[in-house]
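The values are calculated or read from the model by the stated rules, or taken from the named source; none is laboratory data. Everything numeric in this text was worked out from a predicted model, so none of it was measured. For neighbour counting, all protein chains shown are included, and Cβ atoms are generated from backbone atoms with ideal geometry for every residue, glycine included. Side chains included, ligands, DNA and RNA excluded: accessible areas come from the protein's heavy atoms. Shrake-Rupley method; radii C 1.70, N 1.55, O 1.52, S 1.80 Å.
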There are 2 protein chains.
Amino acid sequence: MAHMTDADRRRELGQQFRVDSVRMSAAAKSGHPTSAMSAADLMAVLVDGYLRFDFDAPKSPTNDRLVFSKGHASTLLYAIYKAAGVVSDDELMQYREHGSMLEGHPTPLIPWVDVATGSLGQGLPIGVGMALAAKRLEQLPTRVWVLCGDSEMAEGSMWEAFEHAAHFGLDNLTAIIDVNRLGQRGETMVGWDLDTYVARAEAFGWNALEVDGHDVEAIDDVFARAIETTGKPTVIVARTKKGKGVAAVEDANGFHGKPLDDPDGAIAELGGLRDIRVDVARPTVEATARTKPSAVQLPRYEIGEEVATRKAYGDALAALGTARRDVVALDGEVSNSTFAETFAKAHPNRYFEMYIAEQQMVAAAVGLQAVGWTPFASTFAAFLSRAYDFVRMAAVSRATLALCGSHAGVSIGEDGPSQMGLEDIASLRAVHGSTVLHPCDANQAAHLVAAIAETDGISYLRTLRPATPVLYSPDEEFEIGGSRVLRSSDEDEVALIGAGITVHEALKAADALADDGIAARVIDLYSIKPVDVETLAAAAEVTGGRLVTVEDHWAEGGLGDAVLDALADSDEPAHVVKLAVREMPRSGKPEECLAAAGIDAEHIAAAARKLVALPAHRA
Amino acid sequence: MAHMTDADRRRELGQQFRVDSVRMSAAAKSGHPTSAMSAADLMAVLVDGYLRFDFDAPKSPTNDRLVFSKGHASTLLYAIYKAAGVVSDDELMQYREHGSMLEGHPTPLIPWVDVATGSLGQGLPIGVGMALAAKRLEQLPTRVWVLCGDSEMAEGSMWEAFEHAAHFGLDNLTAIIDVNRLGQRGETMVGWDLDTYVARAEAFGWNALEVDGHDVEAIDDVFARAIETTGKPTVIVARTKKGKGVAAVEDANGFHGKPLDDPDGAIAELGGLRDIRVDVARPTVEATARTKPSAVQLPRYEIGEEVATRKAYGDALAALGTARRDVVALDGEVSNSTFAETFAKAHPNRYFEMYIAEQQMVAAAVGLQAVGWTPFASTFAAFLSRAYDFVRMAAVSRATLALCGSHAGVSIGEDGPSQMGLEDIASLRAVHGSTVLHPCDANQAAHLVAAIAETDGISYLRTLRPATPVLYSPDEEFEIGGSRVLRSSDEDEVALIGAGITVHEALKAADALADDGIAARVIDLYSIKPVDVETLAAAAEVTGGRLVTVEDHWAEGGLGDAVLDALADSDEPAHVVKLAVREMPRSGKPEECLAAAGIDAEHIAAAARKLVALPAHRA
């Protein structure tokens, strides 16, 4: 190797990446070797000449970040790890085996992978979050490199990333588009028309450089120019060939996601096995120490005051930001509705306006948390559905982040069903390791904001548009997984279980029932996941299994289902009447909408009366 | 009016739209008058001079379509209806009242509204679907006009629409961007830099025309040029002022989504009340009659064959397409995985390749069904999550369309968790009026494809990657809401309830249990929503309430929760053990992944044995 030029070595390294990709996918009998082969030279130049990364301290903010937005090219990433000396050839040959950290698509089970990819169009918007952290929060001269496929340029989320990266002036971000022309089943819309990608990128405010993606000297040149560019991000638009280097598959359709038919022949054609080691450069800077957190001084609301839980979210988040310098907030152009603006005013340097681009908002949160920040991202509960794939993938990334969905349910009233979040509990419950919280009063909301900041995984806080009466003392603590029994006696004949707005309706219903001589337990089930099984089982026991659940949410997958699940595998069989939104709501006053949906006090009381009249499931 | 020029009349009409917007939002005490006022002149010229629409036959494909992508400008749309003589002034004054069809954001409760809007960034991609129908399917010279806000240009879905509309050469589509500069809480990223929108649109292949959005003569000119443009869509980039015409709010921040403080003063400033009628032009063409459907000749698979349900989807869809000329298919660049390619080969003129743009795919399906077609849209189950907000809104649109998610669950194996749809049942169940089906064999899958085509609302078919044994005769019928009891006796001590891959595991478990002398009922719950309550209740009765549910899906919101819900409000209390995926899965062989998730035959049998050892909930 000593007599090799940089270019020679990089060409050889690229071939090694190809050979190892062919070998890995042959051993696994699956994988995407041709998608790795197109980008091999690009990555050879990057890791040999530009990337600064300490494999012994992968989480350090002083590292560059390397994100494979085209996660299916995982063999290329893993081949880099072998060349860097951190993965053995034996480990490489266990690619995709059960138990191997070298999964089909990269996940953070690998210590040097920050985020999972494999759902296309996510790596670049996540990279925007990482670049924001480095440039705006850390002020570190690190770079974020994102390898993108050309097929994924059809995802709108990529253009959200293009717009936001330029808007934030992220000159520390370099996107590399591997334009191999071929998607899974055929040619992309753009094909090899590199000028089109350049024109689009420039129109979105980027520096755009075309290159032959198999010419290592030309690649070196554009990387150098990317680094020199200030004030705007750079995209390298690289013309490549899928399956490059093996005639049987090179630039040929029909070989996506398949190991090569003749791996030995392919390896020979690529020049045979190599064992070149690459000495990836270390970071040259040091991170500044973070300040230690102080105690959070949460806002305090007086019992009986009328305060919207969304307002408490903003107040509490601002207070949290004062106590913890790692807390950052993002919002989707509705900060005056979600009250993220309270944080923005208090901590403008740690607030990111993400405009109406919910996918980019959640992706940026994923990127920020990957490099050590604690993000809270908010929009209307309804519009979080726009980013559902990003939330799903955040769980695969083992991400810790907080989402706040405001304006949940029909209680928003006049704006109508498009603005009513009615599937948020169901969809967020079905995210692995998630926490789902729905406070009914401002003090509870404030305490839950603080609790979320201490909770691993994806936390979701559902807030309300209307002001609701403060029920709890500001000194009361609320733990995740808890609940509150607001009315109870040993004679309770029925339990009314709600969260958020329906707690207030349930209290009114209990009053009405008391007038009829029916004792009703009222449970504020603010923690929907995890759920307080013990309190629910006790209620079932006392009431003979007579439970009424009531939620401002569709009937599927919400609070009612969480209650059923809690009692499914128990010795307390219950007769559960689920009140939920079952017809498409319409515009109207909040109280009209609650009544029309059958989830107001009157309907709760009616359901309870009917249930009490039935024989108990148990004595 | 007789002496007025076109321009004078249109200026007056624009003022009338403003006055009526001010009046409506004042009466409702909510709404977005300033967002209507910016676009009033654009719409005055459109409806007076360009739109061809028969209000008496709004569903006719010969109509132009008018979509308010900025749905919050609903008062402007409703003011148009008044001017067109189809809504009275009294009705206008009931804006946002409960029961009025004039909701906060437009919905198809209004006969002349095709699709609900209000979640920004959806109207234009839906318009792409409508324009595809007119140009590619109907060959009609109608036009699709979409009024867009500038804030929503930050949504990636808008750029998916830009790319696809150009790719399909949709010169019958005109987007009108109302660049009033101001979003909900401040200025957009682009502001009044119209050249940037033009450059982006041109880079995406559109004809782009700048205009002063308050100059009715200039507007007339650009609309005329839009109509003359062939081969590509046109975007009108209109510089406007939010709140135009009322000094207190014109081009001022802080007035989004608020009625005006002094409506009477504003009305006076706008020149007072008007009652101009506009005679919207009628279509000049006639629709061609659709051919009548013939009987569907579904594919037939022999019992014992190994066929993937995804393959059956493709075969059945192609057969359906032969019988019904209204059936169209779309896919997200994975048609060789979902087997949509079988339809594409059989009916190339009714297949739309939507590339890796799931939001645009679902939006196009919404647009296609709005004008009378029956769309089936497919991708991996995991990636349907990308379009969740579009599915949610499709329900508000009262849309009828079919979604197929392939590669569901851990049974896909090696590709790993990013590709495993594990939240699809939960999220799709929580869509209003949806149908959720998960077949376990090819004949069942084929029959369900045919059933979906006869079903209103949003239907979801979940298919599997691996081939599974054919269990049912090709002559067996499967109804939506049904199930199949595959093993049963009066002595059943436990019931095993699965769908898809877990049916096959449950059958193996029942065999193992039989070896132990335990009689286990096996239920194929292929219809997860609606669910077969009767069969489940009977199983609970026979087994003393001992039920094991097993699903290749997260534990929340899936098949298990559907079973619990079915029995919640019944006299058959059950002890339900839910087997589901509870840890983040990893790459591996399908059988390894099923075992690791605890949902294979061995785990099912173990759970059943444990449950049988417990006392029954009822004798």
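A few comments on the model shown:
- Total charge dipole magnitude, chain B, about the Cα centre, Cβ charges on Lys, Arg, Asp, Glu only, Debye to nearest 20: 820
- Relative protection proxy for A:477-487, A:147-157, from highest mean packing down: A:147-157, A:477-487 (other beta-carbon atoms within 10 angstrom).
- Listed pairs A:K70/A:K258; A:K578/A:K610; A:K241/B:K345; A:K311/A:K578; A:K589/B:K241 exceeding 21 Å between Cα atoms: A:K241/B:K345; A:K311/A:K578; A:K589/B:K241
- Solvent-accessible area lost in complex, 40 Å² minimum, residues of region B:400-447 relative to chain alone, 1.4 Å: B:E414, B:D415, B:P417, B:S418, B:E423, B:R429, B:A430, B:H432
- Per residue accessible area in Å² of region B:406-473, where ligands, DNA and RNA are left out and the probe is 1.4 Å: 15
- Sorted on the mean count of surrounding Cβ atoms within 10 Å across their residues, most packed first, peptides A:290-302, A:338-350 read A:338-350, A:290-302.
- Shielding by other protein chains, B:201-208, mean Cβ within 10 Å: 3
- Mean shadow area of region A:239-360, taken as a quarter of the surface of its Cα convex hull (nm²): 15.4
- Taking amide H atoms as placed 1.01 Å from N in the peptide plane, the amide H of A:A580 lies under 5 Å from those of A:E551, each 5 or more residues away in sequence or on another chain.
- On a per residue basis, region A:294-376 carries 30 Å² of accessible surface, using protein heavy atoms and a 1.4 Å probe.
- Within the protein assembly as shown: Cβ-based charge dipole about Cα centre, in debye rounded to nearest 20 (Lys, Arg +1; Asp, Glu -1): 1360
- Cα-centred dipole magnitude for region A:151-296, charges only on beta-carbon of K, R (+1) and D, E (-1), debye, nearest 20: 600
- Note on B:345-357: average number of Cβ atoms from other chains within 10 Å of each residue's Cβ is 3.
- Averaged over B:98-105, number of beta-carbon atoms from partner chains that fall within 10 Å: 6
- Cβ crowding within 10 Å averaged over residues, with A:524-534, B:554-564, A:448-458, A:51-61 ranked highest first: B:554-564, A:524-534, A:448-458, A:51-61
- Per residue Cα convex hull volume in Å³ - calculated over chain B: 155
- Alpha carbon convex hull of the protein assembly as shown, projected area averaged over orientations, nm²: 44.9
- Listing of region A:144-160 residues, each with accessible area lower by at least 20 Å² in the full protein assembly than in the chain alone (probe 1.4 Å): A:S151, A:A154, A:E155, A:G156, A:W159, A:E160
- Apolar share of the accessible surface for the protein assembly as shown: 47 percent from carbon plus sulfur atoms, 1.4 Å probe.
- Exam field: A:A323 pseudo-label spacings to other copies (7 Å along Cα-Cβ), nanometres: 6.3
- Orientation-averaged projected area, Cα convex hull of region A:568-619 (nm²): 4.8
- If you take the Cα centroid of region A:523-538 and the Cα centroid of region B:488-541, the two points sit 30 Å apart.
- The residues of region B:1-64 present an accessible area of 31 Å² per residue when probed at 1.4 Å with all protein chains retained.
- Average Cα contact separation per residue, chain B, under 8 Å, 6 or more apart, as relative contact order %: 12
- Model label points for B:E187 and B:D261, set 7 angstrom from Cα along the Cα-to-Cβ axis, are 2.3 nm apart.
- Total accessible area lost when B and A pair, probe 1.4 Å, Å² to nearest 100: 8700
- Selected from B:G500, B:H407, B:M393, residue furthest toward positive end of dipole (region B:370-507; charges at beta carbon): B:M393
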